[in-house]
Amino acid sequence: MINVNPLMYRLSHRRALSPSSIGKAWKQPPKAAVASFAGLTTTMNRSLTTTPKPIKADEIATTRGATTYPKEFADIVSGRSKVKLGDLFGLSNFGVNFTTLDPGSSSALLHYHKTQDEFVYILEGEATLYRLHPTTAVSGPSNSSAEGQHEKTILKAGECIGFPAGVQVAHCIRNESNAILSMLEIGDRSPNDRVVYPNDDIQATIGENGQWIFTHKDGTPFEK
């Protein structure tokens with residue numbers, strides 16, 4: 001059991017601590033404080049997550065066009081901004097993204113998940129949902145395929161749609177209007193998930209660290 005002095009207790013309820021700040025609080029060398037910091041992390045996180053404070057999603061700084069896609073596909077989402085709201089509150093069973101799309105941008109390549117359910121709720125603007133059934137897959141980038149190959153559906157503010165895991169209907173959302181589109185994207189964090197991209201030479205698997213690993217469909221890695 002770790003005995004926490006009053007100064008340490010007050011600090012832990014006011015701000016996140018680094019090993020060096022703990023060392024100063026206890027008047028110990030930082031190295032000696034690291035072990036104590038590790039032991040307190042769980043308790044501190046529990047305190048923070050059980051008493052969350054509201055935030056304004058549209059005021060959180062983000063980088064437009066940030067993506068884990070290989071560079072060959074980065075342009076598809078160059079007008080996308082995404083804030084991982086679930087991560088900010090320490091959610092581990094599912095993720096919630098606040099996503100905005102500039103006119104002409106897409107949410108993703110056409111894709112479907114093997115084990116992850118997805119849900120999208122349109123907050124503002126007009127979204128064009130593209131769906132591609134297995135029998136109509138065509139070659140080339142998913143967002144520049146020939147007209148008539150996709151099923152298109154317009155989604156307006158207040159409308160929503162879900163994509164069950166394993167259903168082989170690839171989908172993506174594009175902003176084909178002249179105004180900003182904003183939406184919530186919700187998905188679970190099922191282990192061993194894989195993402196299928198029927199129109200593109202790319203596949204994704206979830207790593208042990210929760211990060212996506214992208215390769216060509218033959219398994220070879222992309223050049224960095």
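Assorted remarks:
- Residue ranges of strands (runs of 3 or more DSSP E) in the stretch 146-224 with at least 3 members open to solvent by less than 60 Å² (accessible area, probe 1.4 Å) and under 22 Å from D117 (Cβ atoms): 160-163, 170-174, 181-188, 203-206
- Options A157, A146; residue that is at pLDDT 95 or above and of a type in the set (G, A, S): A157
- Applying a threshold of 8 Å to beta carbon distances and a minimum spacing of six or more residues, or different chains, the list of pairs starting in the stretch 198-224 at a residue that is of a type in the set (K, R) and ending at one that is in a loop (DSSP other than H, G, I, E, B) reads K217/D201; K217/I202.
- Hits in the stretch 47-91 - residues which are part of a loop (DSSP other than H, G, I, E, B), open to solvent by less than 70 Å² (accessible area, probe 1.4 Å) and of a type outside the set (S, T, N, Q): I60, G65, A66, Y69, P70, G79, G90, L91
The values are calculated or read from the model by the stated rules, or taken from the named source; none is laboratory data. Predicted model, so just to flag it, every value in this text is computed and none were measured. Counting neighbours? That spans all protein chains shown, and the Cβs are built from the backbone with ideal geometry, glycine included. All accessible areas refer to the heavy atoms of the entire protein, side chains included, with ligands and DNA or RNA removed. Shrake-Rupley method; radii C 1.70, N 1.55, O 1.52, S 1.80 Å.
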